[in-house]
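Engineer: One structure, as structure tokens, below. Some questions next.
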Amino acid sequence: MRRFSLHAVRYLVLWMLLRCGRELVAAVPPDGWYDYTAYTDCRGQPEPALYNGGILRFGNSDDPTGYRTTETGVFSPAFVVYNLNKTTMYTFSSWVKLEGASSALITARLALDNAGARCIGTVLARNDCWAFLKGGFVLDWPTQTSVIFFQNADKTPMKITVASGSLQPFTSDQWSMHQKDTIRKRRKRMATIHVADQQGGRVVGASVSVRQTAKDFPFGSAIASTILGNQAYQKWFVDRFNAAVFEDELKWYSTEPMSGQLRFDVPDQMLAFVRSHRVMVRGHNIFWENQDATPSWVKGLSPDDLRAAVNGRIQNLMTRYRGEFAHWDVNNEMLHYNFYEQRLGANASVEFFSVAQDADPLATLFMNEFNVIETCDDVSSTVDTYVAKLKDLRAGGAVLEGIGLEGHFLKPNIPLMRAVLDKLATLGLPIWFTEIDISNRYDAQTQAVYLEQVLREAYSHPAVTGVMLWTALHPNGCYQMCLTDWNLNNLPVGDVVDRLLQEWQTGQAAGPTDAHGAYSFSGFLGEYIVSVTYANSTSQATFSLSPGDETRHINIQI
């Protein structure tokens with residue numbers, strides 16, 4: 001990472017202002033409303049800047065488009081900004097185009113006073129069209145002078161042109177307000193209970209009680225074989241979660257440690273447990289591109305024998321569990337590793353998806369990857385790299401229907417997280433957080449703070465359709481983060497999860513019918529039972545609240 005002295009930053013500021021002839025002036029205070037707009041297609045011309053540029057404003061009337069160009073890609077094009085605040089959520093976006101190369105990964109970086117530079121967004125840019133970069137950041141301390149600049153990720157000099165730059169601040173309260181508003185619109189729905197007598201007359205003053213019996217939004221955790229036979233752990237799990245994923249028990253090294261020695265007894269028992277409690281379950285995973293996670297007997301196979309082995313793996317797994325698992329992570333972490341594609345060719349993953357689809361056509365097939373949502377510093381798994389791989393697989397014929405984001409976080413960058421989700425949402429596929437945890441390098445209270453930030457952002461984003469924690473419990477701890485100790489006493493992150501689960505469900509809603517014989521409430525999506533009492537009569541019914549903008553009307557006769 002290149003570090004800048006305060007003197008160097010100020011010199012760069014002066015140089016940029018003299019060169020570009022532009023002045024950045026303060027923008028009007030934001031109204032607190034976030035713009036989810038994003039693009040993953042390359043366009044002939046850049047779109048207008050989001051938020052009209054936010055706090056990036058140009059004083060030069062002869063340059064209304066706000067283009068900035070550089071021959072080196074080292075320091076500029078750049079935006080100079082002043083007096084950035086601590087804890088403010090800053091969302092950044094721009095359009096980028098290249099010369100001197102057909103394509104390149106371009107990184108937007110923020111140089112802070114005397115504290116070096118950090119990545120705030122990336123884009124796979126091209127020379128024949130404009131590509132959209134969207135990212136953001138939060139500061140731990142205020143700064144007087146900062147510079148947003150663009151670099152080729154591999155530092156190769158090239159001409160970079162940037163247009164429609166935008167930097168929009170949001171206070172923490174504004175960000176939270178928008179999360180709550182999105183939850184109200186996407187995770188809840190208004191419902192009205194109409195109560196009538198046998199002749200159809202309105203019943204005024206009837207006592208209505210509504211209770212949610214199941215949640216629509218899947219929120220779960222990884223489990224391991226340690227849950228088998230442990231009734232206390234089982235009760236703790238089903239009291240909280242409606243979704244599960246097996247930590248290691250379905251991976252190839254677990255089900256076939258030696259060639260032909262199939263071991264499905266443990267996943268069979270785990271599947272029986274989740275099935276008996278109406279818990280949906282994800283299949284993780286069919287293959288894992290990481291050589292270190294490949295069964296030892298597989299590593300030395302010839303290409304022909306390897307092809308036979310992988311086909312056998314898919315058939316053994318998918319035939320046995322056909323229709324049982326809602327999802328399958330088909331080929332795990334293929335942005336970072338390439339064991340199978342090195343040995344079987346570039347189309348190996350496409351073949352895996354095709355065979356898996358034939359073996360279980362009802363399962364939703366996912367790509368699953370880390371460091372897409374957690375950071376923009378990993379050049380192997382930027383959001384555009386993920387999008388490009390997804391598009392390549394689908395273009396090759398793969399029936400790929402879901403986007404898996406692992407979510408193994410250090411300190412989360414929430415504005416960047418939202419920006420990445422915005423770009424992935426343009427593909428129109430279900431997005432799941434599949435393995436959320438917070439690094440154990442942090443103390444328990446810090447883990448809890450960071451986990452709450454991540455979960456609130458994930459749950460409130462309209463494109464996210466499920467959340468899984470990576471918290472399978474073992475006597476000696478968990479992968480990175482445990483919700484409880486081995487005796488099922490909550491740790492701070494467990495308190496966060498319990499509090500949010502309580503917040504994101506409809507409590508006991510009750511009240512009398514009004515003058516129109518109706519009782520209305522706002523409820524989280526899911527299944528309900530309603531009980532109506534009037535005089536000496538009681539009537540019950542069940543109903544569901546599914547996604548929709550209109551009020552759901554339920555008629556009860558008593």
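The values are calculated or read from the model by the stated rules, or taken from the named source; none is laboratory data. From a predicted model like this one, the values you see are computed outputs, not experimental measurements. For neighbour counting, all protein chains shown are included, and Cβ atoms are generated from backbone atoms with ideal geometry for every residue, glycine included. The protein model used for the area step is the full one, side chains on, heavy atoms only, and it has no ligands, DNA or RNA in it. Shrake-Rupley method; radii C 1.70, N 1.55, O 1.52, S 1.80 Å.
Engineer: Given the condition open to solvent by less than 10 Å² (accessible area, probe 1.4 Å) and more than 24 Å from residue 406 (Cα to Cα), answer yes or no: does some residue in region 295-306 qualify?
Structural biologist: Scanning region 295-306, I find at least one residue that is open to solvent by less than 10 Å² (accessible area, probe 1.4 Å) and more than 24 Å from residue 406 (Cα to Cα), so the answer is yes.
Engineer: At least 3 residues that are aliphatic (A, V, I, L, M) and either within 12 Å of the chain's Cα centre (by Cα) or under 26 Å from residue 133 (Cα atoms) (or both) in each: list the strands (runs of 3 or more DSSP E) lying fully within region 405-519 that qualify.
Structural biologist: Values: elements: 431-438, 464-469, 509-512.
Correct list: 464-469.
Engineer: A further question follows. Is there a residue being in contact (Cβ under 8 Å) with a residue 40 or more places away in the chain and exposed (fewer than 13 other Cβ atoms within 10 Å of the Cβ) anywhere in region 517-530?
Structural biologist: No, because not a single residue in region 517-530 is in contact (Cβ under 8 Å) with a residue 40 or more places away in the chain and exposed (fewer than 13 other Cβ atoms within 10 Å of the Cβ).
Engineer: Further, regarding this structure: Return yes when residue 477 is open to solvent by less than 10 Å² (accessible area, probe 1.4 Å) and either in contact with a Leu (Cβ under 6 Å, 6 or more places away or on another chain) or more than 19 Å from residue 180 (Cβ to Cβ) (or both) and no when it is not.
Structural biologist: No.
Engineer: Just the residues that are open to solvent by less than 50 Å² (accessible area, probe 1.4 Å) and of a type outside the set (Phe, Trp, Tyr), please, taken from region 501-516.
Structural biologist: Across region 501-516, the qualifying residues are 501, 506, 507, 509, 511, 513.
Engineer: Listed residues 280, 270; which is open to solvent by less than 40 Å² (accessible area, probe 1.4 Å) and under 30 Å from the mean Cα position of the chain (by Cα)?
Structural biologist: Values: 280 fails: open to solvent by less than 40 Å² (accessible area, probe 1.4 Å).
Checking each option against the conditions leaves just 270.
Engineer: Another one. So how many residues does region 101-122 have that are in a strand (DSSP E or B), closer than 16 Å to residue 140 by Cα and among the small types (Gly, Ala, Ser)?
Structural biologist: Qualifying residue count, region 101-122: 2.
Engineer: Let me ask something additional. Of all strands (runs of 3 or more DSSP E) completely enclosed by region 263-382, which ones contain at least 2 residues that are in contact (Cβ under 8 Å) with a residue 24 or more places away in the chain, aromatic (Phe, Trp, Tyr) and more than 30 Å from residue 214 (Cα to Cα)?
Structural biologist: Where strands (runs of 3 or more DSSP E) fall fully within region 263-382 and carry at least 2 residues being in contact (Cβ under 8 Å) with a residue 24 or more places away in the chain, aromatic (Phe, Trp, Tyr) and more than 30 Å from residue 214 (Cα to Cα), they are 280-288.
Engineer: From the residues in region 171-191 that are over 30 Å from residue 48 (Cβ atoms) and out of contact with any Phe, Trp or Tyr (no Cβ under 7 Å at 6 or more places or on another chain), which one is least open to solvent (accessible area, probe 1.4 Å)?
Structural biologist: Residue satisfying both the conditions and the ranking: 189.
Engineer: Considering only region 132-153, I want to know if a residue exists there that is more than 29 Å from the chain's Cα centre (by Cα) and assigned to a loop (DSSP other than H, G, I, E, B).
Structural biologist: no
Matching residues to (1) closer than 21 Å to residue 179 by Cβ; (2) hydroxyl-bearing (Ser, Thr, Tyr):
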{"residue": "379", "(1), (2)": "no, no"}
{"residue": "390", "(1), (2)": "no, no"}
{"residue": "394", "(1), (2)": "no, no"}
{"residue": "409", "(1), (2)": "yes, no"}
{"residue": "412", "(1), (2)": "yes, no"}
{"residue": "431", "(1), (2)": "yes, no"}
{"residue": "447", "(1), (2)": "yes, no"}
{"residue": "450", "(1), (2)": "yes, yes"}
{"residue": "485", "(1), (2)": "no, no"}
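Engineer: Name the single residue that is most open to solvent (accessible area, probe 1.4 Å) among those in region 310-333 being touching a helix residue (DSSP H, G or I) at 6+ places or on another chain (Cβ under 9 Å), farther than 15 Å from residue 252 by Cβ and at pLDDT 95 or above.
Structural biologist: Per the criteria, the residue is 322.
Engineer: Another question, if that's okay. Among the residues of region 463-470, is there at least one that is within 23 Å of residue 232 (Cβ to Cβ) and loosely packed, with under 13 Cβ neighbours inside 10 Å?
Structural biologist: For region 463-470, residues within 23 Å of residue 232 (Cβ to Cβ) and loosely packed, with under 13 Cβ neighbours inside 10 Å: absent.
Engineer: Under the condition of being open to solvent by less than 10 Å² (accessible area, probe 1.4 Å) and among the aliphatic types (A, V, I, L, M), which residue from region 417-447 is nearest to residue 244 (Cα to Cα)?
Structural biologist: 436
Matching residues to (1) modelled with pLDDT under 95; (2) acidic (Asp, Glu); (3) open to solvent by 40 Å² or more (accessible area, probe 1.4 Å):
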position: 96; (1), (2), (3): no, no, no
position: 107; (1), (2), (3): no, no, no
position: 114; (1), (2), (3): yes, no, yes
position: 119; (1), (2), (3): no, no, no
position: 152; (1), (2), (3): yes, no, no
position: 169; (1), (2), (3): no, no, no
